[in-house]
Amino acid sequence: MREHRVHFFEGFLARDAARLHTFHGEPEAALVLFGDAIVSFHRAGNVPQLIITLASVPALFERLERFEAAATLLGAMSRHESSFHHVPELADLEGRLATKLEAKRTRELVAEGAAFGLDTAAVYGRQQIDAARRDPRPRVREERPGGLSGGPVVAPEGAGLLVSLMREAIDHDDHWDEWCEPAAEAVRLLLEHESADVRAAARRVTERYDEDRARSLAVHRTLGGRPLILE
């Protein structure tokens, strides 16, 4: 059981770090991390987390201007309602892609992807990630606040996304939750960062996380439940 949990969190943290890199970091790192997360969840047969992971990848393909891959994977994940629940930004992607590709071509690619089963979508996602990593064209690069480390925490949008990733709960039939403590502890390390801006941002993030977690645990206790503790 302990080994299963370790592998689970490896995929979970790789996926969430990849999402941060997609919007506020290095796309090369996001490609590697998404690839690792897909393999981890696919091998484990963890369907819910695999769906969330694959649904998160089209935004990275869009950033890398791999629009056809983004449209195809979008179509594949549109078969799964939870894709839009956990990755709400997916809903606006087809409209943006239609401005980059011809609208007809976008519809064709989305329809092509919609024929994929989840296993096929996972294989396709990995293939396209590998193709993107081999692509010699220059990557999109952006200056990140706070230097090499801490940028996603300092950026207001990144901080908000990080809090949502940290407090993301894994629902169980008995309504217990597991909290992603490793991610929270990783952010706490930034409380000692050399940059005052990063320290202040990390403090805001961890305070918001602790408040949300305390509220959730209070609800569990009110309902007679208790949090699931990882030993």
Residues that are more than 25 Å from E26 (Cα to Cα) and crowded, with 19+ Cβ neighbours inside 10 Å, drawn from region 47-75:
G75
Only one of A37, A69, A103 is modelled with pLDDT of 95 or more, farther than 30 Å from S195 by Cα and out of contact with any strand residue (DSSP E or B) (no Cβ under 8 Å at 6 or more places or on another chain). Can you tell me which?
A69
Among (1) part of a helix (DSSP H, G or I); (2) closer than 18 Å to V47 by Cα - the single one D130 does not satisfy
(2)
Name the helices (runs of 4 or more DSSP H) wholly within region 1-109 that hold at least 2 residues that are acidic (D, E) and in the same structural domain as T120 (by TED's automatic domain parsing)?
2-24, 27-44
Consider region 97-117. How many of its residues are touching a residue at least 12 places away in the same chain (Cβ under 8 Å) and crowded, with 16+ Cβ neighbours inside 10 Å?
7
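Quick grid of which residues meet (1) over 22 Å from H85 (Cβ atoms); (2) at pLDDT below 70:
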{"site": "D171", "(1), (2)": "no, yes"}
{"site": "C180", "(1), (2)": "no, yes"}
{"site": "L191", "(1), (2)": "yes, no"}
{"site": "S195", "(1), (2)": "yes, no"}
{"site": "R199", "(1), (2)": "yes, no"}
{"site": "R203", "(1), (2)": "yes, no"}
{"site": "E207", "(1), (2)": "yes, no"}
{"site": "R215", "(1), (2)": "no, no"}
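The values are calculated or read from the model by the stated rules, or taken from the named source; none is laboratory data. All figures in this text were calculated on a predicted structure; none of them were measured in a lab. Because the Cβ atoms are built from the backbone with ideal geometry, glycine has one as well, and the counts that use them run over all protein chains shown.
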